[in-house]
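Rule-based calculations on the coordinates, nothing more; no lab input. Predicted model, so just to flag it, every value in this text is computed and none were measured. Here Cβ is always computed from backbone atoms with ideal geometry, including for glycine, and neighbour counts include all displayed protein chains.
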């Protein structure tokens, strides 16, 4: 059984290798190869899962040691895997959703001549992500960590002919690198503290070192998590990442990769548990991002960017939960899984809508689409209900638990966090309802106008075949796209209940993360009820704004907050002014310094030597007699010298 | 009288010759001064041989003469060809060594 | 000098100090030698320098003899004053006997530097000799016991044989080198008279042959430029070598003066005859 | 006495150089093939050395020793330790690719006014450089090392000054002047360093009485030779200066961008991937081996300089407008890492540094050679002249990207292993330094991705629209390098196994112990 773990990673890796090196001759079948291998990986995961269920809770963790990676004196890094309940959860999520999205992409990317490479990248992503969750030491995790970063870089910038896409990809990679810096520093700290960075030893002996060191490690890990999971202050890349093809947004920037940060924190639970300060920071980051993302989501007219904002805020929930410690870990992961389902579903839905609307992304140019694309409407709607936490759907279970846990944190911070979480729930309900209404209800704002809007000059190749500049003919997407949406919709409806009822998920995960029941100051029922109330409020408010009165095609100027939110709350402007401009000036001045100062010193020396020799040259007047004088004088000096020698 | 005076004489002649070399421009006179210097050396050598009571000094002096002869032959030949080419025996005219 | 006296001299030379005779000789001839050396340096004409140098060398030869280096003394006279100085004189003739180079210095500061160096050098040398502890004089008596020439030969063909051979080679090379340097290869055959004439015509100047030197019977020396009809001298009439040496005597003015004097004399004579007739 | 393998490894390319130079001008292609074959033969010999070398055996193996200049105790002494073996292998490995990549670089110019380009000379010079580099890796006699360390400059000078890019944005004349400027600058810089080193070498002889590295090291170890503190420091500085110029370390780096910018891409690879390695290698073998105390004394200053190199080089790379100069500054940053690892004086740091030398050689070769292919197609080194290449030449763009990712040391590719080792090793002893150095990896990502974005992505520029993709010869050059990058990234054990014992010896030279973790975690 253990030996299957490697296959789990190997299958998609093989796919990536074949597809990327295969060349054009594979164009015809490339997408199928990719999908099949992803599915194979899923099957292997399922087999392992079944085997794992067969064992009792304590014996479920299995591992596989392939070979020693970097053997250096006092430094041992292995290529070795560890599969426990936590990893297994991710494996199933990744391979499952991954396979579905492969399937979806077959239809979505049908008309892109570089489809083969797209699937190669997708497989590469799967492999890296699996490596990330299966690694048994932080260094190997780091490999997967950067691997998914690379994959997302390649996929965001897949349409490289669009400068915006290339820029977004670069931005994503760079911001992630900042986070990675945190991870590598954390690993170094672990090495100097514990002499190793394998999960087992580090986490077991975490208690033996000072709290200060643990806090430092934890904060560095948190920095990494912020980078990968788009948490404040490193969240700025996620919005731009929507430049990538929609399946990518669904798989990487909604369901799986962006949740890696949560995985990292939960995986390092033993460290965080012993570093309360770090935990506090984590919860704060989560809370802030939660609101940040939600507010941004309210203002965006680009459907994908709105969803990106919501992703940000949902991950905020997870990080918040993870920061709460043992009372939150389980719910963080649970919300992560359910979110994986419904957010992926929402994105696929959005993709399907764009597919039918000539890749128009501006919701103000949608409207009344429900009768043109019923399947999309239904699946999207279910996802919508799930994410706002409609009672009975999966979002309800997971999010509600998190809010409870937040209150259970106790003390004022408990109240604050809980309040923020509730507020977040309300805003979520608001902006999701907004998306829903603007897209599927209201009058058909796309009539009698060309879609090629000025701010979107070049449209995705997938749409070039259909008259991109004519009036769109909304139509349902092909089956290869709808089936995944339907499956995900099922997940987003039932997963929560399946996990939540009888705390099934909790018992499954407890051996790894540990769990203790929090005791909220108010009864769980109260929390639940208030949650329902706020979401009704939020949804109602949205209905008033966007359901009752018509939606203007051109966005109104809006309030200061709205405008700020449209610009990601000015975070990008800050980056631009401080980092980009400053950096440019720094490099330019440094280039100047290098040329004038460092090089100038050298050249100056050379010049002075040249001038000196130029003067000395005049001594060589070419007259034999003056040379003779110097000779004679020299002889005299020599004699004087010898005489002095003898005298002394 | 102390034979050392011979050495003083030799030194004097040598110095005069050397100064001549530095002062005169006419290549021939230059050469003569060189010859003068060589002769001064010879005188010193002979004196030395007397001083040490062996003939090595004289032998060396003899060699000096031979070499001087050879040198003069070549040198004068050079002067002649120089004169042919530039119609002057002044060493300053042959100053192409500069730059 | 006879062998006996020479033997006596050798025995004397073994002594620590020298005989008064030698002392006198040294002071007298030494002075002359120094003067000769100075003249060599300061004479304006190369010939004079050469002659002074020859004199100095001869004196040196005497000193050699006095120091018991009989062979060297003879060689000095024969080779140096005989051969080498003659060579010098030949060259001087070639370059021009009377060609006197001005003692005016062209290189800035050269002369002062030279004198300074010379002075310093000399003083230092004297100081050096003074410092040297040269009290012990063995004298060459024992070395010359078997005869000076034999002694030299002894050394020359045993101890210094290689150096000797090498100097021989050197001499050969030198002489060959001298030939190579002075020998001028005639690249084209000599022009015939016809060709020369045609060349003159082609060049267009001096169609007639170069004018012969001298216009008056009194002045037909090769170094006198002939006068053109207007009385100006034409250097073309002087041999090229002399021209190169700048040894041209200009007599044009002199000729005119002679003419003037002649006319005056004739005028005076007419005066006298006229007055004579008048007195009758 | 057995077959002198080391000598053979160095002599073969030397003979090859002579033979190549002797090929008549008409038979240009023959010369190329001859050079290629010789370099492959050298590679075979180097592999033999690799196999014959026993990592757990003596420190110096395959030793040869003959009296040379008896009066000064100069001996012809060769011997290799793990580090040297690794670098010899790297050199012998890269040269064939360099030759193959420069296959047409020295052909006579058919455009413009005919300038005679001695093809034979080009390849002969490359082989000559290889021979000298190899022997300076092998020499265990300081004087012998010095001679070849300096002699290397001569062929390099001609390679830089004689053979530039086919087409130059400023035309042939400016190109020629800039080339000669770069070549002279290279020569003067390294000569200055070399002369100072010569003084130190002589000083060493005066102090120690002979030039043998092993003997001096032993004498110092058993205390029979004790230098005055100041003497040792001065000598150390003399040696270090020369190596720091070669390496190059800030602020002695300015010759590298000129040289790499003006030389053809293969020659640039030869400079940065092969020749410069002699500098860092010599720091390990001579500075630490001969003057351990002084090395420890100078460590803080050197660490600071290395840090400056890392950040400064990276920042300037961001600011470059010229592809080759960008790679040059990136290399400066990487050499900063190598020196950091060497002087961190930890096993991880020094193993990492050695590994870094190898990996940096391969990765820079990959990146620079692909860049060279790119430049040869468009005839310009300016980044601004490119755009959207990946659309017309996907394979070229792909290989370029992989080379770039290796340069920013992406995990899974070889450079990551070494860079992380260096960082960990540094961090273990000097946490602050380690953290500051970590910023380098962010900057690395910045300049690589900016370069890729500006050249490869975006709308296709009309000038590059007709650009052909990589040809067979170019693929033959690039593919093995990339494969090697992947292999060593996943399984560097073969190299580390060879290097580790040697590093332990160096550690014992400087009598340093690794800092121990505060918690002995349950392994």
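Tabulated results
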quantity	calculated
Rounded, prolate or oblate (a/c below 1.5 giving rounded, otherwise prolate when a/b exceeds b/c) for the range D:311-376 by Cα gyration tensor	oblate
Most to least packed among D:180-187, D:59-66, D:351-358 [average Cβ atoms within 10 Å]	D:351-358, D:180-187, D:59-66
Residues residue D:293 and residue D:497, FRET efficiency given R0 of 22 Å [Cβ-Cβ distance, rounded to 0.05]	0.15
0 to 90° range, to nearest 10: angle between helix D:153-162 axis and chain D longest Cα axis	10
Nearest-0.05 FRET efficiency for residue C:83 and residue C:243, computed from C-beta distance (R0 30 Å)	0.45
Extension reserve of the residue A:641-residue A:563 stretch, reckoned as 0.36 nm per residue once the Cα distance is removed	19.0 nm
The protein assembly as shown: C-alpha gyration tensor shape, a/c 1.5 cut-off, then a/b vs b/c	prolate
Sites residue C:264 and residue D:191, calculated FRET efficiency, Cβ-Cβ separation with R0 60 Å, nearest 0.05	0.10
Ratio of Rg to Rh over the range D:5-509 (Cα coordinates, Kirkwood Rh, two decimals)	0.96
Number of partner chain Cβ atoms within 10 Å, mean per residue of D:74-83	0
Burial ranking of peptide ranges C:112-120, D:370-378 (average Cβ count within 10 Å, highest at the top)	D:370-378, C:112-120
Cα-based convex hull volume of the range B:2-99 per residue, rounded to whole Å³	95
Ranked list, fewest to most other Cβ atoms within 10 Å of each Cβ, for D:380, C:19, C:266, A:184	C:266, C:19, D:380, A:184
Shielding by partners, peptide A:138-144 (average Cβ within 10 angstrom, other chains)	3
Pair residue D:71, residue A:415: separation of 7 Å Cα→Cβ label points (nm)	9.6
Rule-of-thumb Rg ratio for chain A [Cα; 2.2 N^0.38 Å; N residues]	1.20
Footprinting exposure proxy for A:171, D:513 (fewest neighbouring C-beta atoms within 10 Å first)	D:513, A:171
Other protein chain Cβ atoms within 10 Å, averaged over every residue that makes up C:19-27	2
Rounded to 10°, Cα long-axis angle of helix D:5-22 versus longest principal axis of chain D	30
Mean Cβ neighbour count within 10 Å, used as a protection proxy, ranking C:65-76, D:45-56, A:479-490 highest first	C:65-76, A:479-490, D:45-56
Cα long-axis angle, helix D:493-509 against chain D (0 to 90 degrees, to the nearest 10)	40
Prolate/oblate/rounded call for the range A:1-137, Cα gyration tensor, a/c under 1.5 rounded	oblate
